[in-house]
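Take a look at the structure set out below.
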Amino acid sequence: MVKPLFKHNSGRLLGLLAALLLLLLAFVASIALGTTSIAPLKTLQALIRYDPTDSDQIIIVTTRLPRAMFALTVGASLAMAGAMMQALTRNPLASPGLFGINSGAVLAVVLALTLLPLTSLSQLIWAAFVGAAVAALLVYVLGSLGGGLTPIRLILAGSALSALFGALTQGVLALDESGLQNVLFWLAGSVAGKDMDTLLQVLPYMLTGGVLALTLAYSLTILSAGEEVARGLGQRTSLVKTLSAVAVVLLAGSAVSAAGAIGFVGLVMPHFARYFAGNDYRWVIPYSAVFGGILLLLADLAARFPVQPGELPLGVVTGLIGMPFFIYIARTEFTQRRGEHDESRTDA
C-alpha cells in the first residue's frame, strides 16, 4: 500500500486548497482557449458584466461557460462514483463502467431512438439516465443473489451486464443503421454543444449524489477495511451499501446521461486522491471530485486542437490518458496478489 503524501488533516486541507486553485485555473483556461483564443480579462468581463454586443463575450457565455461547467460537474461526479465503488467492492479497478452504467445508458438511448419518437436532447438525456439507473439496479440485485452482496459478485454481475448491454446495442444498431449517427455522442462521450438548461436538468441529481457521498464517507472508510470490521464497529453495512448504490446511480447515471460514456475518470482519479489523502474517504471523495473536474476540463481542452476545425471525442482523450494508469494499476494489483499468495504458500 502506498503511503499518502499528507498524513495529517492540516496537510490534506492545504493540498485540497491547492487542488481547488488548479481547478480554477483549468476552468478559466477551458473558457479562454479554443479555436478562437480570448484574453483572460475579457473572459472575466463576460462573467461579471456581460455585453451581448461583444462577439467574444457571446461565445464565452453561450458556448464555453456551459461546456466548462459540464466538464467540471461530470468529471467530479464520475470520480466520486468511482471512489465509492472502489470502497464498496474493495477493488482498485472498480469504476462506473464496471456497474454497466455506461453501456446501460447507451443501450437505453439506442432503444429510445429506434422505438420511440424522441428527438430532443433533453428527452434522450432522460432515456440515458433511466438506462443507467436500471443497469446499476440490476447489478446490485444480481450481486445480492445466492448468499448476499459481496465484492466479487458485484464485479461478476457488472462485467456480465456490461457485455450483454454492449452486445444488445450493437445488435440494435445493426438493425437500424440510421440511428448510429444520432447515438455517436453517447458512444464516444462529449461535453460540446451543451447549454445551461441541459445542465440544470441533471445538476440536482449530481448534487444529491454528491451530498449523499460525503455523508457516507466515514462509513465507507470503515467498510473499506472489511465487512466484518465494519459490523464489529457497529456499522449497518446493508444500509450503507444500499445508500452508496443510490449515490453511485445518481452520480454516474446523471453524468453519463449528460455527457455520454466517458471512461477512466472514475477509475484513475480515486487513486490520485488516495495518494494525497490516504484511505480516509472523508478526504478521498472531495479530492476525487476536484481531480475529476480538473481531468475532464483539461481533457476537453486538449480535444479541441489536434483536428481543427473539428475536435476529438472526449472519451478518446480520457482513454489515451487513462489507459497507461489502468495498466499500471492492474500490474501493481497483480504483483501484490501474487506476492501475498507466494507468502501464504511459504508460511504453509
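Values in this text are rule-based calculations from the coordinates and carry no lab data. Since this is a predicted model, take the numbers as computed values, not measurements. Reconstructed Cβ throughout: ideal geometry from the backbone, glycine too, with neighbour counts over all protein chains shown.
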Fill in the blank from the handout: GNM of the chain, Cα pairs under 10 angstrom: of Ser219, Ser77, Ser95, the biggest fluctuation goes to Ser219
Problem - Candidate lysines for bridging to Lys194, where Cα separation is under 28 Å - those fewer than 8 sequence places away on the same chain excluded - result: Lys42
Exercise for the section: For the chain, give the magnitude of the charge dipole about the Cα centre (Cβ charges: +1 Lys/Arg, -1 Asp/Glu; no others), in debye to the nearest 20. Expected result: 740 debye
Completion exercise
Stretched fully, the stretch from Leu145 through Leu164 gains (0.36 nm per residue minus C-alpha distance, one decimal, in nm) 5.0 nm
Completion exercise
Taking alpha-carbon centroids only, the range 1-53 lies from the range 227-270 a number of Å equal to 26 Å
Exercise for the section: Report the extension gain between Asp51 and Arg90 in nm, rounded to one decimal, defined as 0.36 nm multiplied by the number of residues separating them, less their alpha carbon distance. Expected result: 8.9 nm
Exercise for the section: Please name which of Gly232, Gly166, Thr198 has its Cα lying farthest along the dipole of the range 159-306 towards the positive end, using unit charges on Cβ (Lys, Arg +1; Asp, Glu -1) and the Cα centre as origin. Expected result: Gly232
Exercise for the section: Rounded to the nearest 500, what is the 222 nm mean residue ellipticity of the chain from helices alone, with -39500 (n - 2.57) per DSSP H run of 4+ residues and division by all residues? Expected result: -24500 deg cm²/dmol
Fill in the blank from the handout: Residue separation between Leu175 and Leu44 times 0.36 nm, minus their alpha-carbon distance, gives in nm 42.2 nm
Handout entry: Virtual spin-label span in nm between Thr114 and Ile58, 7 Å along Cα→Cβ
Key = 4.1 nm
Fill in the blank from the handout: Checked against the positive end of the charge dipole of the chain (+1 on Cβ of Lys and Arg, -1 on Cβ of Asp and Glu, about the Cα centre), the farthest of Ile125, Tyr218, Phe326 is Tyr218
Practice task
Using label points projected 7 Å from each Cα along Cα→Cβ, tell me how many nm separate Leu22 and Ser37, to one decimal.
Solution key: 2.3 nm
Practice task
Specify whether the C-alpha gyration tensor of the chain places it in the rounded, prolate or oblate class, a ≥ b ≥ c being the square roots of the eigenvalues: rounded for a/c under 1.5, otherwise prolate if a/b is larger than b/c and oblate if not.
Solution key: oblate
Fill in the blank from the handout: Cα pairs beyond 16 Å in the range 290-330, in percent, come to 40 percent
Exercise for the section: Would you work out which of Ala26, Ser37, Ser103 lies farthest towards the positive end of the dipole of the chain, given +1 charges on the beta-carbon of Lys and Arg and -1 on that of Asp and Glu, about the Cα centre? Expected result: Ala26
